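The values are calculated or read from the model by the stated rules, or taken from the named source; none is laboratory data. Because the structure is predicted, anything quoted here is derived from the model rather than measured. Here the Cβ positions follow ideal geometry from the backbone for every residue, glycine too, while neighbour counts run over all protein chains shown.
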Amino acid sequence: MNNYKIVVKTFSGLETVLFKEIISLFGGKAEKLNRGVLFYGTLEDVYRANLMLRTAVKVLVQIAEFDAKDKTELYDKAKEIDWGRYFTVYQSFAIDGIGQSKYFNSIQYVSLVIKDAVADWFREKYSRRPSVAKSNPEIPVVAHLQDEKVSVYLNASGESLFKRGYRQSSVEAPLNEVLAAGILQLSEWDGKQVLIDPMCGSGTIPIEAAFLATGIPPNFQRNSFAFMKWRNFEKNLWLSARDSVKLITDIPRKPYIFGHDIKAYAIENAKENLLMSGVQRIINFKEQDFFELTPPAENGILIFNPPYNKRLKLDDSKLFYKSIGDHLKKHFSGYDVWIYSADESGIKFLGLHPDKKIALDNAKIKAKLYHYPVYEGKRK
Ligand SMILES: C[S@@+](CC[C@H](N)C(=O)[O-])C[C@H]1O[C@@H](n2cnc3c(N)ncnc32)[C@H](O)[C@@H]1O
């Protein structure tokens, strides 16, 4: 029975990718929201969403929806929820308020009122209250407000889903795993073509690419999700969600995903992360300066995010991007090139014309994904 209203949160710019992932995983209907997608599903779908959706940041399951215009109404309605269905008095919880309302002064106040309602619900039944945990609560609850409309959700993921469990070590500016998975899907890479990240840092793009190519769920190695702490957690359903994974086996039987970086320690990091991810068979990480890199095959796809040092003077970034463009034109004709960058002025000096520009913020930094088909001579 599709009885749960499920809201999956993502980053701005990845809603369409997430929507497609949800439709292909669950079929049926879904609705795009701002930084999220809504669909209806079962408890097993909640587990599968956490395990398998590559561009999901959090999976929220709605447990109540009501109107409230003042404190008393908010408290009373929050207290009508049967909290004991979801957790016990011995577990810690937290209320995270989001959204806005003209009826309440602050969202923090809304969280506080709901927290009191939950605590009192337990106290009246068991003469004690569950503890409130500021960090890592066992039961994270989200209260979303839009004026008088209040939606209460259990955060089924707990920690954000980009914490996949394979990152052992990291370089200075690693790309977020969800962003990397989103960029790969936006590039429409077919999973079989040669893929190169020539400035791979800690290797996020190649590792997420190998997961995509092999069908390995992004969170296969993660062993903790908040839904495991729910009273209605069904271990058998979780095992069946894991069993439902279909691996893709018709892929090249040799390394065809390449990650390079000029810094030796970045490659060391990438290799450590690779060991944890379990996809060594198809990735090759090697220390290499991009400006000396030649293609390993006649055609393929390059996906990378060059460094964007905010302190880099325009002249430096102009020269850097111009050199990238020159090298691409000289050596990578026949390649599809995707560059993720926040350096709008620098990227103009690439000397190539993008046929696609996709806005995709990197946390608070405004960034774009640019597509350059690199052809010899004129495009046919
Ligand atoms: C923004 S970071 C990439 C982060 C990476 N996507 C990750 O997930 O960790 C940019 C990387 O470009 C590398 N880089 C800079 N110049 C390079 C060059 N000429 N050749 C290869 N790599 C270079 C830097 O060492 C740095 O690791």
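For segment 3-42, enumerate the residues that are in contact with a Phe, Trp or Tyr (Cβ under 8 Å, 6 or more places away or on another chain) and either closer than 15 Å to residue 153 by Cβ or not assigned by TED's automatic domain parsing to the domain that holds residue 144 (or both).
Taking segment 3-42 and keeping what is in contact with a Phe, Trp or Tyr (Cβ under 8 Å, 6 or more places away or on another chain), we get 3-8, 22, 26, 28-32, 35, 37, 39-42.
Listed by number, the residues that qualify are 3, 4, 5, 6, 7, 8, 35, 37, 39, 40, 41.
The conditions are (1) touching a Gly at 6+ places or on another chain (Cβ under 7 Å); (2) in contact (Cβ under 8 Å) with a residue 40 or more places away in the chain; (3) within 16 Å of residue 21 (Cβ to Cβ); (4) part of a loop (DSSP other than H, G, I, E, B), and residue 213 fails exactly one of them. Which is it?
Condition not satisfied by residue 213: (4).
Here is a list: 186, 195. Which entry is more than 12 Å from residue 305 (Cα to Cα), more than 9 Å from the ligand (Cβ to nearest atom), surrounded by 19 or more Cβ atoms within 10 Å (Cβ to Cβ) and more than 17 Å from the chain's Cα centre (by Cα)?
Unique residue meeting the criteria: 195.
From 47, 90, which residue is among the aromatic types (Phe, Trp, Tyr) and buried (at least 23 other Cβ atoms within 10 Å of the Cβ)?
When all the criteria are applied, what remains is 47.
Looking only at segment 153-183, which residues are away from the ligand (no atom under 14 Å from the Cβ) and among the polar types (S, T, N, Q)?
155, 157, 160
Would you point out which residue out of 243, 316 is at negative phi, free of Cβ contacts under 8 Å to residues at least 60 places away in the same chain, within 16 Å of the ligand (Cβ to nearest atom) and over 19 Å from the mean Cα position of the chain (by Cα)?
316 is the lone residue from the list that is at negative phi, free of Cβ contacts under 8 Å to residues at least 60 places away in the same chain, within 16 Å of the ligand (Cβ to nearest atom) and over 19 Å from the mean Cα position of the chain (by Cα).
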